[in-house]
Amino acid sequence: MKAVIPAAGLGTRFLPATKAMPKEMLPLVDKPSIQFVVEECVKSGIDDILIITGRGKRAIEDHFDHSFELESLLHHKGDNELLREVRSISEMADIHFIRQKEALGLGHAVLRAEKHVGDEPFVVLLGDDIVFSKKPCTKHCVELYEKYSGPIIAVEKVPRNMIQHYGVIKGKPLGGNVYSIDDMIEKPKSEDAPSDLGIIGRYVLTPEIFDSLKKTPRGAGGEIQLTDALKSLNKKQKMYAWIIEGVRYDLGNKFDYIRASLDYALMRPDIGKQVREYIRGLKA
Ligand code: UTP
């Protein structure tokens with residue numbers, strides 16, 4: 001399977017940091033968030049990755065390219081560990097880029113992948129959504145796709161006061177945290193939400209989504225919404241939702257970004273202990 005990572009959004013919730021820097025390059029400690037997403041693909045056995053970028057996103061392309069000057073400097077300094085790490089970033093997968101010329105929404109971004117994907121199922125991972133879990137979230141989604149032979153949409157339980165920020169599904173439980181989807185709605189008012197299951201940034205889709213996207217008018221926020229295209233396709237094609245395992249962070253959201261930075265720092269063998277002691281010492 002191929003993977004598509006939309007990363008062309010403007011990141012307005014993170015201004016001014018994102019004025020000249022892609023939000024997908026904001027690091028957790030020292031690793032850009034999009035690198036976590038690419039690593040999740042690789043750990044899920046996917047090494048053909050298309051990243052949808054846009055204006056001002058060149059840093060993403062540079063990050064996954066060879067850096068001759070840097071590598072030669074590290075070589076001469078004899079810093080082999082860092083050299084290995086820097087090299088591995090450009091060698092971990094076959095990464096392609098395409099530009100979304102205007103930020104017309106996630107659905108519009110996914111449609112840019114049509115030629116690259118061809119006539120095969122594919123996974124979509126949002127470039128600013130990360131999931132820390134034992135088994136990679138995408139691997140789990142692909143296995144469910146193989147079991148149910150239909151698109152898989154990852155969801156999580158969302159508190160009622162946050163539901164208006166999500167696409168929300170209505171479905172019947174099939175066991176194992178899997179639901180058969182009856183309907184979905186993008187960014188509902190909390191009183192209109194059909195459930196507390198909010199769509200997060202992991203999908204396994206089939207090529208039928210492209211025709212549906214082409215027919216989808218602009219929806220919430222004047223953007224072409226992936227949820228709207230999925231909703232209309234769901235009338236013809238059976239789709240499934242799965243409540244993910246692990247912890248998910250929307251790194252475009254400031255509080256989630258801080259939470260993810262702390263959680264990741266605490267996991268790190270080099271600084272975890274120091275960070276834990278620092279947090280313990282903070283006054284309540
Ligand atoms: P968001 O809803 O987080 O939007 O997009 P955004 O524009 O990136 O950020 P804010 O809300 O202005 O702060 C969800 C995902 O869809 C991608 C984003 O890069 C992100 O991964 N996206 C969104 C695109 O690729 N193109 C778009 O036109 C919109």
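The values are calculated or read from the model by the stated rules, or taken from the named source; none is laboratory data. The structure displayed is predicted, hence computed values, not measured ones. Glycine gets a Cβ as well: all are built from the backbone with ideal geometry, and neighbour counts include every protein chain shown. Note: areas computed on protein heavy atoms with side chains; ligands, DNA, RNA excluded. Shrake-Rupley method; radii C 1.70, N 1.55, O 1.52, S 1.80 Å.
Per-structure values
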{"read-out": "Subset of segment 111-129 that is within 20 Å of Thr12 (Cβ to Cβ) and open to solvent by less than 30 Å² (accessible area, probe 1.4 Å) - its residue that is farthest from the ligand (Cβ to nearest atom)", "value": "Asp129"}
{"read-out": "Any hit, segment 264-279, residues being open to solvent by less than 60 Å² (accessible area, probe 1.4 Å), farther than 30 Å from Thr12 by Cα and more than 22 Å from the chain's Cα centre (by Cα)", "value": "yes"}
{"read-out": "Count of segment 1-25 residues which are out of contact with any strand residue (DSSP E or B) (no Cβ under 7 Å at 6 or more places or on another chain) and either open to solvent by less than 60 Å² (accessible area, probe 1.4 Å) or not polar (S, T, N, Q) (or both)", "value": "14"}
{"read-out": "Members of segment 72-101 found to be surrounded by 13 or more Cβ atoms within 10 Å (Cβ to Cβ), part of a helix (DSSP H, G or I) and not hydrophobic (A, V, I, L, M, F, W, C), listed by number", "value": "Glu85, Arg87, Ser90"}
{"read-out": "Test set (1) out of contact with any Lys or Arg (no Cβ under 9 Å at 6 or more places or on another chain); (2) assigned to a loop (DSSP other than H, G, I, E, B) - Leu104 fails condition number", "value": "(1)"}
{"read-out": "Residue that is most open to solvent (accessible area, probe 1.4 Å), among those in segment 170-210 that are among the acidic types (Asp, Glu) and farther than 27 Å from Ile130 by Cβ", "value": "Glu191"}
{"read-out": "Residues of segment 187-209 satisfying the condition of being in contact (Cβ under 8 Å) with a residue 40 or more places away in the chain and over 19 Å from Trp242 (Cβ atoms)", "value": "Pro207"}
{"read-out": "Residue match in segment 42-50 (condition: among the β-branched types (Val, Ile, Thr), within 26 Å of Lys139 (Cβ to Cβ), in contact with a Leu (Cβ under 7 Å, 6 or more places away or on another chain) and outside any loop (DSSP other than H, G, I, E, B))", "value": "no"}
{"read-out": "Scope segment 1-23; condition under 20 Å from Leu111 (Cα atoms), within 13 Å of the chain's Cα centre (by Cα) and not hydrophobic (A, V, I, L, M, F, W, C); matching residues", "value": "Pro6, Gly9"}
{"read-out": "Candidate set: segment 151-169, residues that are farther than 19 Å from Ala220 by Cβ and modelled with pLDDT of 95 or more; chosen: the one most open to solvent (accessible area, probe 1.4 Å)", "value": "Lys157"}
{"read-out": "Residue among Gly54, Gly45, Gly105, Gly9 that is near the ligand (Cβ under 10 Å from one of its atoms), touching a residue at least 24 places away in the same chain (Cβ under 8 Å) and on the phi > 0 side of the Ramachandran plot", "value": "Gly105"}
